Amino acid sequence: GGCRADNSSGALALAAAERRAREGGADDTGDWASLVERLRERRRRPPAAGLEDYFRRQAAGEIVHGTEPRRYELRDSELRSRDDLRVSTRLLTLDGTGEVRAPAAVDVCFVALDHESYKAALDTGFLEISRRKLHSEQQLLSSKVKMAMPVAVPRGRLRDGPAGALTLEAGGGGPWAAALPMIARAPPQGGLRVESVTRCCQASIGKVALVIDGVRVGETNPPGLTGAASEELQILVPAKELEVVAEMSGRRLAEERITGGPDAKLCFEVGLAVFAYVQPVDEEGKLDFVFVCGHRRDMPEDARPFVGTITWDSGSAEVRNHEPASMHAETERSCLTCLQSMRLTPELPSGKRFEMVEWEDTDSCQYQRCLINPVRIGKIESVE
């Protein structure tokens, strides 16, 4: 969760994970490889150093989702600090064109606003700033500001002003330049909302990883996480054409192209696939339970891969190393029918036997059920 991957400790953690991925046994090599990829991605996209760095990246057209500065949390299109500071993620610029600029070509300041002015700036997309106090991030925090809008200005026009605030030099020349209003406007608004559902029942699920223009930005929300009616994941992306790839447990689900914007939305359907694993119950090794789950990382650390054959009403799969059994990846079939017809034939040493448990209908999407909690489907026990 909170471990850093972009410093010396992160480098040590990455090296250790790479070593385990190379040396691990057949039952856990894939898990370590997945951790290695996540650590590498975190080092490629470290958190922004601060608010100024975050919004400079946004002005440069970068995908900033997932790079929030460490003391801030992204919530409802705002960056919120532990000190109750709320900063809109909607960056204003003096030209309002949204023209991509190198991070080194802009400076970023912040306009402290009351609730009414903050809402008006969000609703209208512009803000007159020539008579307002401009702040750095540090000044926002030390002044205990509660709401602020970020503004990107051409590099070199911000100056230190009285009472610790910043001043903005007027652009252009002529004797009347300083008297003209300076209007910061919002460029075309980007954004993307993504949700994932089961193909069988259209039930809301999470854990679908999203890669946008080659950048891994996170996962869709599981049911009930947000507490809202919608389980959509809101992603801060530029207003341009994007390539979006959806993945789950190493499976490439789909690829779409979409232009980021306030109404941009994608919904990915996920076909039924389960992972079977063996969970030791007693220290003597006389009893093991067999479970299935919907995502590979839901298996406990001490679980062993199920080795054998999984069959169902329309197919079968040989599994040996935590491979998924994809039961209806392309067609619409009843998840209950598939799972109730499922039979496992494990490869067992002499002196062991396997007994299946009948699949129980819980009157809900059974694939969603597997993605929320693993389901026990049998036991392996010693024969006296």
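The values are calculated or read from the model by the stated rules, or taken from the named source; none is laboratory data. Bear in mind that the values here come from a model prediction, so they are computed numbers and not experimental data. Surface areas here come from the heavy atoms of the whole protein model, side chains and all, with no ligands, DNA or RNA. Shrake-Rupley method; radii C 1.70, N 1.55, O 1.52, S 1.80 Å.
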With a 1.4 angstrom probe the carbon and sulfur portion of accessible area for the stretch 253-296, in percent, totals 46 percent
Sorting SER334, SER249 on solvent-accessible surface, 1.4 Å probe, most exposed first, gives SER334, SER249
Accessible area per residue for the stretch 266-379 in Å², computed with a 1.4 Å probe and the full protein assembly in place, what is it?
50 Å²
At the level of C-alpha centres, the distance separating the stretch 267-324 and the stretch 127-168, in angstrom, is 56 Å
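Could you look at the stretch 324-384 and say what percent of its accessible area is carbon and sulfur, using a 1.4 Å probe and all protein chains? Intermediate results must be reported in sequence, preceding the final value.
Values: 1500 of 3520 Å².
Within the stretch 324-384, the accessible surface is 43 percent carbon and sulfur.
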For the stretch 372-379, take each phi angle, set θ = phi - 60°, evaluate the Karplus expression 6.51 cos²θ - 1.76 cosθ + 1.60, and give the result in whole Hz per residue in order, putting x for glycine and proline.
8, 9, x, 10, 6, 10, x, 9
